[in-house]
Amino acid sequence: MHLSDLHFGAHDPAVCAAVQRLAHWLEVDVLVVSGDLTQRATRQQFAMAHDFIKSLGTQERVVLAGNHDLPLFAWWLRWGRAYDRFAAQFGAQLEPHQQAGPFTVLGVNTTRPWRHERGSLSALQVERVATELLAAPNDAWRIVVSHHPLVARGAEDRSHRPYRADEAVQRWREAGAHMLLSGHVHEPGLWEPLPGLWSLQAGTAVSLRLRKGQPNSLLVLQSLRPPPGQGECSAQPQRLAQRWDFDRRTSDFVCVESRCVMG
């Protein structure tokens with residue numbers, strides 16, 4: 001399950017409860033949270049985000065910081081202590097790497113303490129992720145997670161990409177990446193920007209800060225081994241990417257899109 005932009009402090013408790021029900025119903029193995037856990041990076045908001053994530057019941061987690069998780073009003077913390085409040089709840093590893101079942105999930109930190117909103121990647125980060133992709137098991141579903149989107153569906157999204165995004169996408173694709181997960185723009189999307197490389201952009205999972213009329217949404221990835229003779233995906237385990245939206249009539253999440261994504 002991929003969540004993003006929780007924005008605790010500006011969250012909807014009813015939507016939080018619906019995510020909890022869905023996570024337990026699906027028996028989620030790996031939880032990915034691609035940043036903006038809080039609205040204003042306060043200790044209380046980080047504690048609420050931590051309790052919520054723990055309540056989903058997943059043992060394997062990849063949790064990244066977003067630009068909202070860096071202190072805005074406590075600006076003095078940005079010099080040397082920008083991630084202290086995040087680390088107190090989620091650990092000091094800002095770029096976690098998780099190998100769980102068929103999934104190899106690599107986190108990359110695109111936030112920078114001296115930037116308010118836009119992200120960046122260093123040449124060292126690009127090469128580190130490429131090395132880890134090349135070292136992944138041959139049959140793994142290789143996934144890279146960042147807060148900021150690395151590819152844009154339209155001109156309005158290009159400014160949200162981090163510095164060195166184009167270089168990173170090309171290098172990681174060559175190193176065997178199958179999928180990019182991101183958030184930040186609060187607009188869900190699932191597309192294949194390059195052959196064999198998919199991009200899944202999560203909307204806001206539980207926040208009241210909805211944009212462009214989009215509902216609360218989250219993403220689910222499933223690796224299934226189908227019976228023979230099932231078409232395109234039957235030669236190898238099915239890799240399904242699903243978008244789930246919150247339905248206010250039922251107060252639950254419903255699957256609104258399901259795609260077979262091939263590596």
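When you look at Val220, is it closer than 19 Å to Val63 by Cα and at pLDDT below 95, yes or no?
no
If Gln99 passes every condition in (1) assigned to a strand (DSSP E or B); (2) in contact with a strand residue (DSSP E or B) (Cβ under 7 Å, 6 or more places away or on another chain) but one, which one does it miss?
Of everything listed in (1) assigned to a strand (DSSP E or B); (2) in contact with a strand residue (DSSP E or B) (Cβ under 7 Å, 6 or more places away or on another chain), Gln99 misses just condition (2).
I want to confirm something. Restricting to segment 119-155 and keeping residues that are touching a strand residue (DSSP E or B) at 6+ places or on another chain (Cβ under 8 Å) and of a type in the set (D, E, K, R), which single residue is farthest from Gln39 (Cα to Cα)? Can you show your working first?
Initially, segment 119-155 is screened for residues touching a strand residue (DSSP E or B) at 6+ places or on another chain (Cβ under 8 Å), giving 119-121, 129, 132-133, 136-137, 140-151, 153.
Next, only the ones that are of a type in the set (D, E, K, R) stay: 132, 142, 153.
On the way: Glu132: 32, Arg142: 30, Arg153: 26 Å.
Looking at the filtered set, the residue picked out is Glu132.
Kindly list the number of the only condition in (1) modelled with pLDDT under 90; (2) touching a strand residue (DSSP E or B) at 6+ places or on another chain (Cβ under 9 Å); (3) loosely packed, with under 15 Cβ neighbours inside 10 Å; (4) of a type outside the set (Asp, Glu) that fails for Val256.
Only one criterion in (1) modelled with pLDDT under 90; (2) touching a strand residue (DSSP E or B) at 6+ places or on another chain (Cβ under 9 Å); (3) loosely packed, with under 15 Cβ neighbours inside 10 Å; (4) of a type outside the set (Asp, Glu) is unmet by Val256, namely (1).
Where the second residue is in a helix (DSSP H, G or I) and at pLDDT 95 or above and the first is crowded, with 16+ Cβ neighbours inside 10 Å and of a type in the set (Phe, Trp, Tyr) and lies in segment 146-159, which pairs have Cβ atoms under 7 Å and are six or more apart or on separate chains?
none
So which residues in segment 192-204 are in contact with a Ser or Thr (Cβ under 6 Å, 6 or more places away or on another chain) and either in a loop (DSSP other than H, G, I, E, B) or surrounded by fewer than 14 Cβ atoms within 10 Å (Cβ to Cβ) (or both), if there are any at all?
To start, the set of residues in segment 192-204 that are in contact with a Ser or Thr (Cβ under 6 Å, 6 or more places away or on another chain) comprises 193, 201-203.
Hits for segment 192-204 are Ala202, Gly203.
Filter segment 109-129 for residues that are part of a loop (DSSP other than H, G, I, E, B), without any contact (Cβ under 8 Å) to a residue 60 or more places away in the chain and β-branched (Val, Ile, Thr) and give the result.
Result: Thr110, single match.
Just give me the residues in segment 158-184 being touching a Lys or Arg at 6+ places or on another chain (Cβ under 8 Å) and part of a helix (DSSP H, G or I), in sequence order.
Ser159, His160
Table: residues versus (1) polar (S, T, N, Q); (2) more than 15 Å from the chain's Cα centre (by Cα); (3) surrounded by 13 or more Cβ atoms within 10 Å (Cβ to Cβ); (4) within 28 Å of Val19 (Cβ to Cβ).
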| site | (1), (2), (3), (4) |
| --- | --- |
| Ala47 | no, yes, yes, yes |
| Leu56 | no, yes, yes, yes |
| Gly66 | no, no, yes, yes |
| Trp79 | no, yes, no, no |
| Thr104 | yes, no, yes, yes |
| Glu127 | no, yes, yes, no |
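The values are calculated or read from the model by the stated rules, or taken from the named source; none is laboratory data. Please read these numbers as outputs of a predicted model, since none were measured by experiment. Virtual Cβ from ideal backbone geometry, glycine too; neighbours counted across all protein chains shown.
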